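After the structure tokens below, expect a handful of questions from me.
A short reminder: the numbers here are calculations on the coordinates, not readings from a lab. The model shown is predicted, which means the values in this text are computed figures rather than measured ones. Every residue, glycine as well, gets a Cβ built from its backbone with ideal geometry; the counts of neighbours run over all protein chains shown.
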Amino acid sequence: MINALRWLVFAIAAVAMNFPIVVTLVTSLKSARELSTNPGLWVQAPTLENYFAVFQVSDRLNIFLYLFNSITVAFIGTTLAVILALPAAYAIARGKLGERTLLPFIVNLRAVPLIIFAIPLYMMFQWLALLDTRLGLGLILSIVNLPLALVILVNAIRDLPAELDEAALMDGASRTQILLRVIAPVCRPAIVTSLIFGFITAWNEFLFGLMLTTSKAVPITVGASFFFAASGGGVQWGVASAVMIVGALPPVLLGLIMYRQISGSMTAGAVKG
Amino acid sequence: MNTQRAPSSEFRLLATPLVIFLLVFLGFPAIVNLIYSISDVSFETLRRPKITGLSNFVAVWNDSAFWQATWFSLRFGALTALLECGLGLILAIFLSPLIEKRSWLMAILMLPLMVAPALVGLMYRLVLHEFAGPVPYYLWAWFGASLSFLGPTSAFWTLIVVETLQWTPFALLLFYMAYRAIPTEVVEASAMDGARRWSLLWYIELPLMAPTIAVALLIRFIDGFRVFDNVYVLTGSGPGGSTASLSIYIYEAFFKQGAIGKAVAASVILFVVSFAVLYGLNVIASRRKGVLK
């Protein structure tokens with residue numbers, strides 16, 4: 001009896017929390033004609049025409065470019081964050097370097113409204129000609145990803161036995177060699193987790209994409225909103241829905257495949273950070 | 001191992017790239033912020049700001065829109081944090097027997113966390129649209145009611161619901177992990193002592209989860225306080241600036257009004273306040289850890 005109630009509560013919670021996704025998915029399968037008569041939650045004649053329409057490139061809209069931009073900036077923002085964080089995490093965990101200064105400062109970054117840095121970064125990017133470039137947006141996304149990557153990696157290295165380093169030190173290895181040959185391989189799961197988590201975060205970022213890009217480097221989160229500014233005669237809801245589904249799919253798939261690791265690191269980032 | 005030992009120079013070298021990166025991309029902007037905040041500056045005089053003192057701060061201080069945005073951010077952060085954590089706690093404990101056996105249920109509940117808040121905001125433009133959206137459609141068909149979800153009176157609450165529904169899974173996940181981490185011996189021992197389900201929950205389980213609850217409340221408050229994406233795409237600053245968060249206030253001051261000085265001064269205020277609060281919290285947290293040890 002109580003179990004039936006549990007299932008009921010689960011069903012209600014699952015539908016309520018996923019409601020916008022469900023509605024968008026359903027709408028994306030409706031033809032333009034059906035949309036004007038049927039705003040309900042079922043589809044009379046499912047069609048993929050909206051998805052074909054989304055992938056039509058026009059002067060104004062180019063979904064391939066937005067997706068390519070998102071992939072590139074997410075890749076830069078993720079790998080750079082890990083490349084910077086891994087040696088620093090090793091220095092913090094083993095060298096006790098900046099444990100009370102650098103680490104808390106970076107962890108606190110996660111909690112600071114990033115808009116604070118957005119305006120001077122905009123001006124700086126103007127001087128450096130980084131506005132509306134994938135490199136520029138990728139660099140900023142690596143700052144967004146740094147706090148969690150650092151926390152995950154510091155925790156992973158702290159969990160390793162100190163004998164691992166000491167044995168290598170005895171053999172005359174330098175700290176850099178130990179990091180590359182001993183620590184990094186053992187920390188591969190943590191590195192993969194921070195990469196995946198970073199990719200999802202970077203893909204989903206909106207504020208910096210909105211501020212720092214205008215046409216050439218627009219990521220999908222910003223590009224999707226272009227589909228809402230319709231060219232005359234109202235929003236084409238079917239096409240707009242299809243673009244949102246396409247834009248949401250990569251992080252959702254990654255998240256579903258890796259959700260165990262992600263839930264673990266979310267908790268780590270929250271509790272230990 | 002002696003932890004007081006001075007860090008070797010090689011460790012310093014390993015941390016250097018990160019430090020340089022932070023100095024360039026955060027340190028430099030922070031300095032620019034400080035200089036511009038006390039200058040008379042426009043898009044034409046970006047390279048030759050004229051230092052004028054605190055007039056930008058005075059302008060922000062006297063701007064009622066700034067205080068309206070502060071009040072919005074505080075209320076939005078507090079309400080969504082409480083709702084998300086309350087709902088998340090109830091769901092985590094009530095659903096844990098189901099999720100324990102089938103972890104894919106958690107994957108379904110976590111799905112909203114993977115979607116960009118900006119996209120979720122855009123999705124709600126569809127969900128709530130008066131002609132194309134299913135919610136107004138069913139409200140009208142079943143109850144004969146028509147509500148303006150994004151109108152002046154209800155926009156705030158619509159945004160609260162949107163934010164809460166997307167981020168309750170985060171609290172749920174955290175609480176579920178904390179709940180599962182309670183040692184079974186503790187629960188069994190109290191059950192042997194005749195503790196009932198409710199008193200077990202109230203006196204044993206919830207106190208054990210308290211640190212996690214505090215952390216979740218804090219994180220969700222911060223994220224609600226600095227909200228931008230979903231509010232921006234759904235209502236923007238809203239009728240009369242009624243749904244402008246501080247992030248949106250700064251964005252619009254800069255990009256829409258070109259009021260660089262005001263935008264930067266507001267950034268500096270936000271910067272100082274958030275770091276002061278976070279630093280204070282860190283001090284409290286480390287003191288409590290010290291007491292516990």
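Summing -39500 (n - 2.57) over the DSSP H runs of n ≥ 4 in chain B and dividing by its residue number, what mean residue ellipticity at 222 nm do you reach, to the nearest 500 deg cm²/dmol? All intermediate terms of the calculation are to be shown ahead of the outcome.
Working: 13 runs with 205 residues, N = 293.
Result for chain B: -23000 deg cm²/dmol, rounded to the nearest 500.
Per DSSP helix of 4 or more residues, -39500 (n - 2.57); summed, then divided by the residues of chain A. What does that give at 222 nm, rounded to the nearest 500? Spell out each step's value before the answer.
Values: 14 runs with 194 residues, N = 273.
After summing the helix terms and dividing by the residues of chain A, the value is -23000 deg cm²/dmol.
Determine one quarter of the surface area of the Cα convex hull of chain A, which equals its mean projected area, and express it in nm² to one decimal.
On the way: hull surface 79.3 nm².
That works out to 19.8 nm².
Loop-only check: which GluC sites (Glu not before Pro) in the range B:42-136 are DSSP coil with at most 15 other Cβ within 10 angstrom? Could the numbers behind the result be given before it?
Numbers: sites: B:E44, B:E84, B:E100, B:E130; in loops: B:E130.
Sites meeting the loop and neighbour criteria: B:E130.
Let me know the shape class of the range A:1-115, please: from the alpha-carbon gyration tensor, a ≥ b ≥ c as square roots of the eigenvalues, rounded when a/c is under 1.5, otherwise prolate if a/b is greater than b/c, or oblate.
On the way: a/c = 3.78, a/b = 1.59, b/c = 2.38.
The shape class here is oblate.
In µm²/s, what is D for the protein assembly as shown at 37 °C and 0.692 mPa s, where D = kT/(6 pi eta Rh) by Stokes-Einstein and Rh is the Kirkwood radius from Cα pairs? Walk me through the numbers on the way to the answer.
Working: Rh = 25.4 Å.
For these conditions, the coefficient is 129 µm²/s.
When only DSSP loop residues count, what trypsin sites (Lys or Arg not before Pro) in the range B:71-151 have their Cβ near at most 15 other Cβ atoms within 10 Å?
Loop-located and lightly packed - B:R102.
Which ordering of A:R6, B:R220, B:R288, B:R48 is given by a fewest-first count of other beta-carbon atoms within 10 Å? List each step's numbers first, then the result.
On the way: A:R6 16, B:R220 26, B:R288 11, B:R48 8.
Result, fewest neighbours first: B:R48, B:R288, A:R6, B:R220.
So if I restrict to the alpha-carbon atoms in the range B:92-193, what is the Rg, and what is Dmax, the biggest pairwise distance, in Å?
Computed over the Cα atoms of the range B:92-193, radius of gyration and Dmax are 19.2, 60 Å.
Give the long-range amide H neighbours of A:D132: residues separated by 5 or more places, or on another chain, with amide H under 5 Å away, using H modelled in the peptide plane at 1.01 Å from N.
Here A:T213, A:T214 satisfy the definition.
Tell me, how many Å apart are the Cα centres for the range A:194-247 and for the range A:102-177?
Centre-to-centre (Cα) distance: 26 Å.
Let me ask something else. Sorted from fewest to most neighbouring beta carbons within 10 Å, what does the list A:E166, B:E252, A:E49 look like?
Numbers: A:E166 12, B:E252 19, A:E49 15.
Neighbour counts put them in this order, fewest first: A:E166, A:E49, B:E252.
Something else: P(r) for chain B, please, calculated from all Cα pair distances in 5 Å bins and given in %.
With a bin width of 5 Å, the distribution comes to 1, 5, 8, 11, 11, 13, 13, 11, 10, 8, 5, 3, 1, 1, 0, 0.
Mind listing which chymotrypsin sites (Phe, Trp or Tyr not before Pro) in the range A:36-70 are in a DSSP loop and have 15 or fewer other Cβ atoms within 10 Å?
Values: sites: A:W42, A:Y51, A:F52, A:F55, A:F64, A:Y66, A:F68; in loops: A:W42, A:F55.
Counting only loop positions with at most 15 other Cβ atoms within 10 Å, the chymotrypsin sites (Phe, Trp or Tyr not before Pro) in the range A:36-70 are A:W42, A:F55.
Also, I was wondering about something else. Taking amide H positions as placed in the peptide plane 1.01 Å from N, state which residues far from B:S39 in sequence (5 or more) or on other chains have amide H under 5 Å from it.
B:T52
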